[in-house]
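What follows draws every value from the coordinates through simple rules; no lab data is involved. Bear in mind that the values here come from a model prediction, so they are computed numbers and not experimental data. As a convention, Cβ positions derive from the backbone with ideal geometry for all residues, glycine included, and neighbour counts pool all protein chains shown.
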Amino acid sequence: MSLLTLGINHTTAPVEVRERVAINEKKLGHALKKLITVPQVDEAAIISTCNRTELYCEVNHIDQGKEEILSWLNSFHNLSSDDTQPYIYDHLDNSVVRHIFRVACGLDSMVLGEPQILGQLKSAYQDAVQADTLGRNLNQLFQRAFSVAKKVRTNTAIGTNPVSVASAAVSLSKKIFGEFSNHSALLLGAGETIELAAEHLQSAGIGKIVVANRSVERAQMLADKVGGHGVSLSYVGEALPKSEIVMTATASTLPILGKGLVESALKQRKHKPIFMVDLAVPRDIEPEVAKLSDVYLYTIDDLQNVIEHNLNSRKEAADEAESIIDLEVQEFALWLRGQGVVDTVRAFRTKAEYQRDVVLEKAKKMLEQGKPVDEVLQFLAHTLTNKLTHEPTEALHVAGKEGKNELVDAARILLNIPPNE
């Protein structure tokens, strides 16, 4: 038996290829039940996100298993091998273990150390549990991956510093205002950057979010995701005085917030500070706004310096994480090696227990027939000893005749027999 992973991710394939290979969450259970029917596959789990689709399997034979699984993946998506082969990577045994540990810790992500992938990995595990496609080895592999991720998060700084402009902006605002629950944020735009900022603000516990966009419908769609309120850009003049935090990322070619509008808002606020982050290129906020008292204005360049510093910190933490993973891979390899003996031990015990039960049943019948207890006990002890030692003894005689001294030496160790004097 071997562990095998076949995958495709953001480092090996463009988005148009990843889209074609991705497995929709609604189809994941069906896909797992189909994958487990592949002849070489004994256990299976699938993780499929916007950045990766990976099949984790236990297979009987590596080459044949790899061929059958790839064929299944192409068939499932109605693709040819030419569509996928150039982008597929694979991992085997210890490499599988190291890979899933790195994935769980965010070391294989587009954004180093991002925590979302761990939740996606846990969802993939639950899907496999529900589809009943996990066995002893993959189940333990996923459990160890979750444990390693927790250890890395606890013992390193891999996830403490934000490395996206949206998360960095929210992190800075948190430092300025501390408690968020009594504050309001005004977000200008409704694209991906603003959506991420909104999600981070919501996670940080912001009291109120207002999203302003040229399309009110689009603004409201985003606002609904974070429990906010969507408005038109024409509402900005009214919303600005009520907002402690302002973030902008529109596609406008001209500034939306000018010095005069911000000055007016500050007067209405009685000069309580406003934290402003301009994430747009070209800029949404006039540079002169930075000269106003009680305004903390950051541009995307300012945040980039913060991100670069934080990314360097994460890289240092990633080195620490790799050291932890090295040890955990060795630990799992030892556990996996030990599992090869489990079935043998179980079979040996089952056989011994069967022999015990047979002899015990005969001893009971002897007692029922009125045989003396001492005679029955002698029979029980003698017969059971003979049955348990007969086959090993015969095997050792054969080994001795054939000159297999290493087998004899191994038997002495297993049976705890002192060496010949």
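Odds and ends about this structure:
- Only beta bridges with both residues in segment 1-84 are counted; by DSSP, about 100 percent of them are antiparallel.
- Sorted by Cβ neighbour density within 10 Å, fewest at the top, the residues W72, W335: W335, W72
- 0 to 90° range, to nearest 10: angle between helix 116-131 axis and the chain longest Cα axis: 40
- Diffusion constant of segment 2-155 at 25 °C, which comes from Stokes-Einstein with the Kirkwood Cα-pair radius and 0.890 mPa s, µm²/s: 160
- Within the shell defined by Cβ-Cβ distances under 15 Å, the residues around E238 carry a net charge of +4, with Lys and Arg each +1 and Asp and Glu each -1.
- Cα-based convex hull, segment 165-306, per residue volume (Å³, whole number): 92
- Computed FRET value (nearest 0.05) for S232 with L254, which takes r as the C-beta separation and R₀ as 22 Å: 0.80
- Paramagnetic reach from A411 in segment 376-401 [backbone N under 20 Å; point 7 Å along Cα→Cβ]: 383-401
- R0 of 25 Å, Cβ-Cβ distance Y354-E375: FRET efficiency to nearest 0.05: 0.55
- Cut-off under 5 Å, modelled amide H: who pairs with G230 long-range: V211
- Among (i) 4, 16, 19, 16, 15, 11, 6, 5, 4, 2, 1, 0; (ii) 4, 17, 22, 18, 13, 8, 6, 6, 4, 1, 0, 0; (iii) 5, 21, 28, 21, 14, 8, 3, 1, the entry derived from the coordinates for P(r) over Cα pairs in 10 Å bins from 0, in percent: (i)
- Stretchable slack from S323 to S293, in nm (0.36 nm times residue separation minus alpha-carbon distance): 6.0 nm
- Computed over segment 35-96, the quotient of the alpha carbon radius of gyration and 2.2 N^0.38 Å is 1.07.
- From least to most packed, judged by other beta carbons within 10 angstrom and beginning with the fewest, Y56, Y89, Y125 follow the order Y89, Y125, Y56.
- Of the peptides 294-300, 318-324, 367-373, the ranking by mean beta-carbon count within 10 Å, highest at the top, reads 294-300, 318-324, 367-373.
- Mean ellipticity per residue at 222 nm, deg cm²/dmol - from DSSP H runs of n ≥ 4 across the chain, formula -39500 (n - 2.57): -18500 deg cm²/dmol
- Bridge type composition, the chain - antiparallel percent by DSSP, nearest 5: 45
- Fully extended contour minus Cα-Cα distance, from E316 to V111, at 0.36 nm per residue: 72.3 nm
- Packing-based exposure ordering (other Cβ within 10 Å, fewest first) of C105, C57: C57, C105
- Listed by chain and number, the lysines placed with their C-alpha closer than 21 angstrom to that of K151 are K122, K315; residues fewer than eight positions away on the same chain are left out.
- With a simple spin-label model that places each label point 7 Å from the Cα along the Cα-to-Cβ direction, the separation between T393 and R214 comes to 9.4 nm.
- Sites S264 and W335 - FRET efficiency at Förster radius 51 Å, r taken between beta-carbons, to 0.05: 0.15
- C-alpha center-to-center spacing [segment 292-363, segment 118-165] in angstrom: 9
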